[in-house]
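Worksheet for the structure shown next.
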Amino acid sequence: MRTHPQRFEILVVPQHAEGRDAAHLTEVAIRSALVEATGETGASGYPRYAGEGMVADIDPETRTVEALLVDGFELDYGLSARVVTPGAGEGR
């Protein structure tokens, strides 16, 4: 049986932000949240994570955000969500 990560950090970044370098994404993020596994499965079929105003269904294998609500709302056009390991952008 495979276990899923219990915690991720979600960064909301402008859609034009390039790359996956956590330090760069952390610099350009307009919001971030540490989310923890809820033990539930979301409507997307992926594990649900929640915290700091965000609720997300995340594919733990690819670290893709499959569904996301921020303070109960979907993201505005021009924004995207990226998943990083908690604290990966620290030490700048």
**Options L75, L25, L69; residue that is crowded, with 18+ Cβ neighbours inside 10 Å and out of contact with any Asp or Glu (no Cβ under 9 Å at 6 or more places or on another chain)** = L25
**Prompt:** Within the set of pairs 6 or more residues apart or between chains, which connect a residue that is within 14 Å of A88 (Cα to Cα) and in contact (Cβ under 8 Å) with a residue 24 or more places away in the chain inside the range 21-46 to a residue that is of a type in the set (S, T, N, Q) and outside any helix (DSSP H, G or I) with Cβ atoms less than 8 Å apart?
**Reply:** A22/T85; T26/S32
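Residues checked against (1) in a loop (DSSP other than H, G, I, E, B); (2) under 14 Å from V35 (Cα atoms); (3) without any contact (Cβ under 8 Å) to a residue 60 or more places away in the chain:
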residue: R48; (1), (2), (3): no, yes, yes
residue: V55; (1), (2), (3): no, yes, yes
residue: E61; (1), (2), (3): yes, no, yes
residue: L69; (1), (2), (3): no, yes, yes
residue: V83; (1), (2), (3): no, yes, no
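Since every read-out is calculated from the coordinates, none of them should be taken as a lab result. In this text the structure is predicted, and so the values were computed from the model without any measurement. In this analysis, Cβ positions are derived from the backbone assuming ideal geometry, glycine residues included, and neighbour counts consider all displayed protein chains.
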